[in-house]
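Student: The following block contains the structure, expressed as structure tokens.
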Amino acid sequence: MPVDKPTKLEPSRSQDSVPGPESRPTVKPWPKTSSRQLGDYRIFTIRSDHRTSPRTGREHEFFVIDSTNWVNVVALTPARELVMVEQFRHGSATVELEIPGGMIDPEDADPVAAGFRELREETGYTGTNPRLIGSIFPNPAIMSNTCHTVLVEDCQCVHEVEFDHSEDLVTRLVPLADIPRLVAGGQIRHSLVAVALYHLDLWGRGLKMERDTPAT
């Protein structure tokens, strides 16, 4: 019985074979030639920007949503439970399991102060050692704002909730160990909440946020 010849395996592409910075193509910023606001919708505005492609020299129109920066709060109790909220979301028309968060108000000193305030207002919980553990662009293709993740530990419920006029929330305490299953099973579906939970995972593994995003 003939024996098949072993398949020749191609060598894997190692890090050493990746082109150096001097040989990699670079992406250049597109210069803005004009900008005008198209609409103001209370929590965001829409503008039209004209920018010139550095590759072709042609001008193109782009639409950008401007909004204040946001903050999400990862709040942990001494029992290693995550303070979460359920609320109806009008975009998806669904009730979602999320973490506390909201817009950073002009009166807030920084994202940490805003997160601490949002946690207290939405859940009545407060805690210790609040700090920034991550920042991302929600959708840099069409949005200009930043979403920050704030971690608060040793949280306890010591205040009455202070809902905004359009808020209707229920607080849920979820064991931290259950979070991966809830994300994988589709019980946590808000993309920015999933990112905040990933920031928590990175923090837990000792990976610190690099301060290359403005914390405002």
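The values are calculated or read from the model by the stated rules, or taken from the named source; none is laboratory data. Worth saying up front: this structure is predicted, and the values here are computed from it rather than measured. Methodologically, a virtual Cβ is constructed for each residue, glycine included, from the backbone with ideal geometry; neighbour enumeration extends over all protein chains shown.
Student: Quick check, is Cys147 at pLDDT 95 or above, over 16 Å from Gly115 (Cβ atoms) and touching a Phe, Trp or Tyr at 6+ places or on another chain (Cβ under 6 Å)? Full working, then the answer.
Tutor: Numbers: at pLDDT 95 or above: yes; over 16 Å from Gly115 (Cβ atoms): no; touching a Phe, Trp or Tyr at 6+ places or on another chain (Cβ under 6 Å): yes.
Taking the combined requirement at face value, the residue does not satisfy it.
Student: While we're here: Could you say which residue among Glu86, Glu59 is of a type in the set (D, E, K, R) and either within 30 Å of Val174 (Cβ to Cβ) or in the same structural domain as Glu122 (by TED's automatic domain parsing) (or both)?
Tutor: Glu86
Student: Given (1) surrounded by fewer than 16 Cβ atoms within 10 Å (Cβ to Cβ); (2) at pLDDT 95 or above, where does Pro138 come up short, assuming only one miss?
Tutor: The single condition Pro138 does not satisfy is (1).
Student: Output yes when any residue across region 80-93 is of a type in the set (A, V, I, L, M), closer than 30 Å to Leu176 by Cα, in a loop (DSSP other than H, G, I, E, B) and without any contact (Cβ under 8 Å) to a residue 60 or more places away in the chain, and no when none is.
Tutor: Yes, that holds for at least one residue.
Student: So which residues in region 125-135 are surrounded by 17 or more Cβ atoms within 10 Å (Cβ to Cβ) and either without any contact (Cβ under 8 Å) to a residue 24 or more places away in the chain or not in a strand (DSSP E or B) (or both), if there are any at all?
Tutor: Pro130 - this is the single residue of region 125-135 that is surrounded by 17 or more Cβ atoms within 10 Å (Cβ to Cβ) and either without any contact (Cβ under 8 Å) to a residue 24 or more places away in the chain or not in a strand (DSSP E or B) (or both).
Condition check ((1) surrounded by 16 or more Cβ atoms within 10 Å (Cβ to Cβ); (2) more than 19 Å from Val193 (Cβ to Cβ)) across all residues:
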{"position": "Phe62", "(1), (2)": "no, yes"}
{"position": "Thr77", "(1), (2)": "yes, no"}
{"position": "Arg80", "(1), (2)": "no, no"}
{"position": "Val95", "(1), (2)": "no, no"}
{"position": "Pro100", "(1), (2)": "yes, no"}
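Student: For Arg189, state whether it is over 20 Å from the mean Cα position of the chain (by Cα) and basic (Lys, Arg).
Tutor: no
Student: Within region 96-109, take every residue that is assigned to a strand (DSSP E or B) and under 13 Å from Arg172 (Cα atoms) and give me the one that is nearest to the chain's Cα centre (by Cα). Quick ask: steps written out before the conclusion?
Tutor: Of region 96-109, the ones assigned to a strand (DSSP E or B) are 96-98, 101-103.
Right, trim to under 13 Å from Arg172 (Cα atoms) and you get 96-98.
On the way: Glu96: 16, Leu97: 16, Glu98: 12 Å.
The extreme case among them is Glu98.
Student: Would you check if there is a residue in region 171-186 being more than 23 Å from Arg80 (Cβ to Cβ), in contact with a Pro (Cβ under 9 Å, 6 or more places away or on another chain) and polar (S, T, N, Q)?
Tutor: no
Student: Does region 111-122 include one or more residues that are surrounded by 12 or more Cβ atoms within 10 Å (Cβ to Cβ), on the phi < 0 side of the Ramachandran plot and in a loop (DSSP other than H, G, I, E, B)?
Tutor: Scanning region 111-122 turns up no residue that is surrounded by 12 or more Cβ atoms within 10 Å (Cβ to Cβ), on the phi < 0 side of the Ramachandran plot and in a loop (DSSP other than H, G, I, E, B).
Student: Say we look at region 150-194 and pick out the residues that are surrounded by 15 or more Cβ atoms within 10 Å (Cβ to Cβ) and assigned to a loop (DSSP other than H, G, I, E, B); which of these is modelled with the lowest pLDDT?
Tutor: Val161
Student: Moving on to the next point. Starting from region 21-42, keep only residues that are in a loop (DSSP other than H, G, I, E, B), then list their pairs with residues that are of a type in the set (Phe, Trp, Tyr) whose Cβ atoms are within a distance under 9 Å, requiring at least 6 positions of separation or different chains.
Tutor: Here the result reads Trp30/Phe62, each pair linking region 21-42 to a residue that is of a type in the set (Phe, Trp, Tyr).
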